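The values are calculated or read from the model by the stated rules, or taken from the named source; none is laboratory data. None of these values were measured; they are calculated from a predicted model. Note that each Cβ is placed from the backbone with ideal geometry, even for glycine, and that neighbours are counted across all protein chains shown. Keep in mind that these areas ignore ligands, DNA and RNA; they rest on the heavy atoms of the full protein, side chains included. Shrake-Rupley method; radii C 1.70, N 1.55, O 1.52, S 1.80 Å.
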Amino acid sequence: MKEVLKEIDTRIKRLEAEIELAESRLEFLDKIGASSRYKLLEKRQRISEMYVLFFMLWGFIGLVLLLYLKYRYAEMLPFSLTPYILLMVFFILLPAGYYAISSRKPEEETPIDYLNKRERMARLLINRFYKPLREALEENDNVKLKELADSISMGELARAAEELNEGNPKTMAYALYIYLARDTVSSEEIQEALALVKNKPLKILLSTLLKESSSKQ
């Protein structure tokens, strides 16, 4: 178990280094003014969206007005309003189409967004997975281990594990479930889980479990 705890500490230190690196890069970007430029770009994008919505609203009001004039005063007007109505429909559809196409495009991730995401995910893994895992193994707390297995298999914690290359969250959860059922699982089942899991602390945990299982047999 000491080897497992040592490897968990190593993973925590690696993630802490990831946080420090992200913070230093963010600080550097802030010093050179990159943060301000990205914020200005985002502001311009929001303003352009507001302009598009404004033109759509203006076109809709104009269309309603033309339709009202057509059906109310069509006989009194010396010319047809139909071309103007079609033109106004075009002015509505054009920005609407632009807005629909632009909204489908995934938002480009800026270097600042990327670094903030890495920092947040590293903190998440430290505080909600590795530290609780260490405590649960030290205290032999199966309830906490079961909670960790459930939480790492889906949601934000699972995305963080994949993003930071900590392993496949499903196989990490499977490794913990195998460990929880260590009194009933066979050596073959442990070997199967060991072949799947890539997370080093959990791999060492299963290796230790396999040695214990083999010695009992």
Could you check, for the range 160-174, whether at least one of its residues is buried (at least 18 other Cβ atoms within 10 Å of the Cβ) and modelled with pLDDT under 90?
-> no
Is it the case that residue 154 is without any contact (Cβ under 8 Å) to a residue 40 or more places away in the chain, closer than 25 Å to residue 121 by Cβ, hydrophobic (A, V, I, L, M, F, W, C) and exposed (fewer than 13 other Cβ atoms within 10 Å of the Cβ)?
-> yes
Which of the residues spanning the range 183-198 are in a loop (DSSP other than H, G, I, E, B) and surrounded by 16 or more Cβ atoms within 10 Å (Cβ to Cβ)?
-> 185, 197
If you check residue 81 against the conditions, is it modelled with pLDDT of 70 or more, surrounded by 12 or more Cβ atoms within 10 Å (Cβ to Cβ) and not polar (S, T, N, Q)?
-> no
Pairs, please: C-beta under 8 Å, at least 6 apart or cross-chain, first residue among the small types (Gly, Ala, Ser) and in the range 188-201, second open to solvent by 70 Å² or more (accessible area, probe 1.4 Å)?
-> 193/174
